[in-house]
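The values are calculated or read from the model by the stated rules, or taken from the named source; none is laboratory data. Note that the coordinates shown come from a computational prediction; the quantities given were computed from them, not determined experimentally. Here the Cβ is made from the backbone with ideal geometry for all residues, glycine too, and neighbour counts use every protein chain on show. Accessible surface is based on the protein model in full, side chains and every heavy atom, while ligands, DNA and RNA are left aside. Shrake-Rupley method; radii C 1.70, N 1.55, O 1.52, S 1.80 Å.
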Amino acid sequence: MMADKKNFAEYLTDDNLIFIENEYIKIGANISLGGALTYLAEKGKKNLINSADWGRQVQMSFYAPPVPYQPEGVEMAECWKVIGWNPIQSGDYYRNRSRVLEYKCENNEIYVKCIPMHWPLNNCPGECTFEVWYRLDGYCVNVTSRINNARPDTTQYPARDQEQPAVYTNGEWYKGVAYVGKAPFTGDALTELVTKENGLGRPSLNICATENWSALVDDNDYGLGVYIGSTNLSKIGFAGSTEQKGWGGPRDGQTGYIAPLGHEILDHNISYSYDYSLIVGQVDFIRRTAYELDKNADRRHYSFEHDRNHFYYKDITDKGYPTGGCLDFDFGIGSELKSPPVFFGKGECKQIELDATFEGEISGDVIFRLYEGLDEKNNLKLSDYGVPFSIKGKGERATCSVDISAAPDCFIGFSLRFNNSGHISIYSVNIE
């Protein structure tokens, strides 16, 4: 891989970037850093993106066990050993850069394919490739990111949080803003989560962005928003002192941070993608744009024809990727099938429909992640709330319903916790 140790600034010059632009914004994907975004700006305004080291930028970063992850003979940074398996798009902690395999720019779209580097390790390429597509639409950058795994370790490890993506802004855009209330998409009051006055931001905050977006803005509420339709959980923060909030450029250490969080199983051979949008503008404009983007989101209907569609497990191993048309697994007492971390408000859900094949009775509890808002440090507050269920199958594929009319007013996803043992094949889940 690219093991030279040149100054960071040498890789941030225009000759390392592929640019596309429209009448509103301009972006630059850095082909010296795996195609990560190192430039994003409204026409005539400053670059929003921080690149103080190869762990910044706007980039892919994936996580899986084991923890620690250290192949034989590879040096590991002790301060990062708790991360585990962690290929990232730009490069590693030791300044070794990822290697671009292919790139093209056509029809106002940038495509890049690279071999990533493991962040905590010294010059250790990932056992995978990354692909990314950037497309411009007004003040938005619509992005598809993909990992193609080829790990020799075929263990099906448990799911972990995944940054979707990792976004780092310059220190000028320090103020973390989102809607975290229980009445999303109604224009209800926003919350300023990270400010100069509250001193919060490091460590980053865990929040439920119930409108599926959050933003980092400046003193005039102008900056960068991130929208994703598949999850409501997110991290938001600022690395640096209170005195550093409000100023700084691409090579300064202070930085704002946003990372929407999925929770995914990354099989040894998986091809896994997610989509998100970056939105440039005033916070009210970012919010309105997110509302428009969210009109196409579907967080109620999940088919498992090709993959798990963001579902995951506790103490369950399925048949792996690809799914072969369904989630097919044995379950035991206390094991769980878990939904994506998606917010549902008061009265939105009455039942869960399973298109499934199983024999006999399955009993257990639907465990809801009750959303209680934020604590005194603006971190997410959750508690569990259980509703018993029982369903019966005749060994034939059929639709069965789980009554959740007794669900709490506001929750972030659910799990089916089993009270007996058996086997089930689930083709789809619909939340009605």
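Observations
- Hull shadow area, averaged, region 230-380 [alpha-carbon convex hull, nm²]: 13.4 nm²
- Cβ-placed point charges (K, R +1; D, E -1), dipole of the chain about Cα centre in debye, nearest 20: 460 debye
- Estimated dipole of region 151-203 in Debye, rounded to 20 [Cβ of Lys and Arg +1, of Asp and Glu -1, Cα centre]: 80 debye
- Net charge contributed by nearby residues that have their C-beta within less than 15 Å of Ser271 (K/R +1, D/E -1): -3
- In the full protein context, region 51-90 carries 38 Å² of accessible surface per residue, based on a 1.4 Å probe and ignoring ligands, DNA and RNA.
- Spherically averaged projected area of the convex hull of Cα atoms, region 166-219: 4.1 nm².
- Pair-distance distribution P(r) for region 212-285, from all Cα-Cα distances in 10 Å bins starting at 0: 17, 40, 29, 12, 2 percent.
- Separation of alpha-carbon centers, region 378-422 and region 261-325, rounded to whole Å: 20 Å
- FRET efficiency for Phe8 and His306, using Cβ-Cβ distance with R0 set to 41 Å, rounded to 0.05: 0.55
- Taking the accessible area of region 57-157, probe 1.4 Å, and keeping the other protein chains in place, the carbon and sulfur fraction comes to 46%.
- What region 333-432 shows is 45 Å² of accessible area per residue, with the surface traced by a 1.4 Å probe over protein heavy atoms.
- Nearest-ten-degree value, helix 283-294 long axis tilted from longest Cα axis of the chain: 40 degrees
- Descending Cα extents along the principal axes, region 1-147, whole Å: 50, 29, 23
- Region 248-316: GluC sites (Glu not before Pro) falling in loop per DSSP and having at most 14 other Cβ within 10 Å: Glu305
- MRE, 222 nm, helices only [DSSP H, n ≥ 4, -39500 (n - 2.57), over the chain, to nearest 500]: -1000 deg cm²/dmol
- Region 91-130 and region 169-230 have Cα centres spaced 29 Å apart.
- Accessible area of region 319-371 belonging to carbon and sulfur atoms, whole % at 1.4 Å probe: 47 percent
- Heavy-atom accessible surface of region 159-279: percent carbon and sulfur, 1.4 Å: 46 percent
- Cα-centred dipole magnitude for region 1-151, charges only on beta-carbon of K, R (+1) and D, E (-1), debye, nearest 20: 160 debye
- Dipole-positive endmost among Asn419, Asn220, Ala297 within the chain (Cβ charges, Cα centre): Asn220
- Estimated D of region 108-198 in µm² per second, where Rh is the Kirkwood radius over Cα pairs and Stokes-Einstein applies at 25 °C, 0.890 mPa s: 141 µm²/s
- Identified option (computed mean projected area of the Cα convex hull in nm²; candidates (1) 26.1; (2) 22.8; (3) 20.4): (3)
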